[in-house]
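The values are calculated or read from the model by the stated rules, or taken from the named source; none is laboratory data. Keep in mind it's a predicted model, so treat the numbers as computed, not measured. Quick reminder, even Gly has a Cβ in these numbers, built from the backbone with ideal geometry, and neighbours come from all protein chains shown. The accessibility values were calculated without ligands, DNA or RNA, using every heavy atom of the protein model including side chains. Shrake-Rupley method; radii C 1.70, N 1.55, O 1.52, S 1.80 Å.
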Amino acid sequence: MLLVPGAAEARRWEAAAAAVLRRAWGLRASPVAATTGWNHTWRADGFWLTCRPAAEGAAFRRETELFGRLNDRAPVSGVRAPVAVPTSSGGLCAQARGHVWRLTQELPGETPSGFHQADYPRAGEGLARLHGFLAGLGPRTAVQTRGPVDIAAAQVARGVPRPADLRDLADVADLAAADRARLALGLRAVADGLAGVRAAPRQLLHGDPGLPNLRVDPASRELVAVLDLEAASVGPVEHDLGCIGLSAFSHREDDGIDGVAALASAVAAYRRGTGRTVDERAVYVLMLANEIRLLRELLRGTRPGKNLHSVVQWQFGRYRKVFDAWSRLRFQGERACLT
């Protein structure tokens with residue numbers, strides 16, 4: 001669940017997007033906001049238009065260049081990325097209204113609904129193929145300079161959000177004592193696990209390969225393309241597997257998907273595809289760190305939206321699922337087992 005803008009704000013952005021399409025690409029279309037939430041992305045006549053603030057322009061362009069590298073390798077890896085459409089002046093991106101804009105072609109396949117248990121081992125297999133290619137790219141190819149290990153360490157250093165941190169959200173989200181306790185214990189688990197995470201081998205990662213950022217073949221469910229490489233950075237492969245795990249823990253109770261089992265199937269498929277060691281303790285440590293980071297951003301009000309209260313409640317619900325699973329697991333070597 002993502003934040004969505006108010007109606008007036010959405011109309012202003014749609015008008016801006018339509019103007020940029022006309023001026024930069026010569027395309028007259030009525031852009032429609034992405035249904036996955038408020039992420040400054042619109043669909044327009046078989047294309048996708050995306051923008052980021054000008055301050056993020058360098059990273060946005062690095063992401064666009066990484067798309068090209070993936071597509072050059074797609075005949076071997078079997079995994080494609082969005083194809084950027086050049087502007088009327090020949091550039092890959094346009095700058096307007098204080099933002100950098102990119103137009104990409106529609107990708108084949110479909111976004112996994114997340115309600116298919118088979119999507120998780122397939123995602124693990126596809127991630128193994130993707131990582132096989134990314135491992136050959138150097139750190140300068142990364143979109144983000146800070147990797148998941150540094151971000152996890154920063155969450156530990158900042159500690160549990162204090163009541164004073166939430167003063168602007170007093171009418172929106174109230175941290176119950178039980179949730180503060182969960183956050184404290186989760187941070188302790190991250191702190192205890194950081195030594196092992198720091199020692200893990202590192203490579204270039206996708207950064208956010210949850211199911212919404214994957215495209216699969218409708219028949220085989222095999223991974224055929226990836227979206228959204230804006231978080232691509234250098235770190236342990238357990239981080240990307242944890243992103244798949246967070247999708248597994250996003251289901252409702254009636255979806256019939258067990259988060260622990262779904263993540264375990266993805267990890268097992270990844271191990272088969274790569275022959276590499278995967279430390280499932282590190283996977284859960286990085287999942288906890290990521291959830292705490294998202295909660296902190298929401299609680300500090302740095303990600304405003306009209307449905308903030310609902311998003312905060314949903315995010316807490318997913319954190320509880322991850323934390324409760326962590327508390328039930330025991331670890332034998334690199335493998336997680338239910339107690």
query = Residues in the stretch 284-302: is at least one open to solvent by less than 40 Å² (accessible area, probe 1.4 Å), closer than 19 Å to PRO201 by Cα and in contact with a Pro (Cβ under 6 Å, 6 or more places away or on another chain)?
reply = yes
ask   = From GLY256, GLY207, which residue is surrounded by fewer than 22 Cβ atoms within 10 Å (Cβ to Cβ) and in contact (Cβ under 8 Å) with a residue 60 or more places away in the chain?
value = GLY256
key: Options ALA195, ALA177, ALA219, ALA268: the member that is over 20 Å from the mean Cα position of the chain (by Cα), under 23 Å from ALA118 (Cα atoms) and without any contact (Cβ under 8 Å) to a residue 40 or more places away in the chain   = ALA219
inquiry  = Can you go through PRO218, PRO212, PRO201 and tell me which one is out of contact with any strand residue (DSSP E or B) (no Cβ under 6 Å at 6 or more places or on another chain) and not in a helix (DSSP H, G or I)?
reply    = PRO201
query = Considering the stretch 73-84 alone, what residues qualify as being open to solvent by 70 Å² or more (accessible area, probe 1.4 Å) and either basic (Lys, Arg) or in contact (Cβ under 8 Å) with a residue 40 or more places away in the chain (or both)?
reply = ARG73, VAL76, ARG80
ask   = Inside the stretch 85-129, can you point out the residues that are of a type outside the set (S, T, N, Q), open to solvent by 20 Å² or more (accessible area, probe 1.4 Å), outside any helix (DSSP H, G or I) and touching a strand residue (DSSP E or B) at 6+ places or on another chain (Cβ under 7 Å)?
value = VAL85, LEU92, CYS93, GLY98, HIS99, GLU106, PRO108, GLY109, GLU110
